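The values are calculated or read from the model by the stated rules, or taken from the named source; none is laboratory data. Source: prediction; values computed, not measured. Glycine gets a Cβ as well: all are built from the backbone with ideal geometry, and neighbour counts include every protein chain shown.
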Amino acid sequence: MRIVTTFVLLLSFGLSPAALAEPGGIVVVRHAEKADNGTQDPDLTEAGQARAGALAEALARSEIGALIATQYQRTQQTLSVLADRHDLEIAVVHAESGEVEAHIEAIARKAREADTDGLLVIAGHSNTVGLIVEALAGHVVSPIDESEYDRLFLLLPGDTGMDVIETRYGARSPAQAD
């Protein structure tokens with residue numbers, strides 16, 4: 001019931017879910033649009049940079065307490081506007097090829113150990129975002145398509161664990177533009 005009430009409030013006032021986030025909340029997003037430059041560690045595209053700004057705007061009325069990303073530029077650049085605005089360092093949790101389960105465990109451990117009153121924001125990848133949400137909240141997320149960059153998961157402490165609100169932010173991803 002709490003999720004429905006929160007969602008109705010958000011829609012009626014035109015607010016992003018993060019605007020009403022309470023201390024201890026977690027935001028999980030996929031990194032923003034990346035360049036296709038043939039490397040394993042590309043920068044964000046212009047659209048990706050705009051999305052990083054849109055994430056910061058979506059969370060503008062929230063206290064941000066900690067940031068987590070992988071070693072890849074695209075996740076760190078997605079959080080860079082937030083890092084600059086809130087004078088925060090981005091904690092890096094390394095992701096190694098073939099070690100997804102260990103990576104998810106490390107992210108979940110880092111999130112649970114975070115000592116912050118503000119939101120914890122995590123930038124992951126299309127193959128890890130759903131697993132991170134599941135590890136932290138027990139909520140199964142539908143797969144994220146390679147063309148999707150606009151999904152945002154807000155995890156809020158609830159009576160029996162973490163409640164999950166899924167929304168979108170920034171420009172619509174091509175998969176959603178139809």
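Things to note:
- Among all positions in the stretch 35-42, there is no residue which is within 15 Å of the chain's Cα centre (by Cα), surrounded by fewer than 23 Cβ atoms within 10 Å (Cβ to Cβ), free of Cβ contacts under 8 Å to residues at least 24 places away in the same chain and over 17 Å from I132 (Cβ atoms).
- Flag for G48 being surrounded by fewer than 17 Cβ atoms within 10 Å (Cβ to Cβ), in contact (Cβ under 8 Å) with a residue 12 or more places away in the chain and not in a loop (DSSP other than H, G, I, E, B): no
- When S62 is tested against (1) assigned to a helix (DSSP H, G or I); (2) of a type in the set (S, T, Y); (3) under 19 Å from F153 (Cβ atoms); (4) modelled with pLDDT under 95, exactly one condition is not met: (1).
- Some residue of the stretch 88-101 being surrounded by 14 or more Cβ atoms within 10 Å (Cβ to Cβ) and either acidic (D, E) or in contact (Cβ under 8 Å) with a residue 40 or more places away in the chain (or both): no
- Among residues of the stretch 133-153 that are surrounded by fewer than 15 Cβ atoms within 10 Å (Cβ to Cβ), those with a beta-carbon under 8 Å from a residue that is assigned to a strand (DSSP E or B) and of a type in the set (A, V, I, L, M) at least six positions away or on a different chain give the pairs G138/M162.
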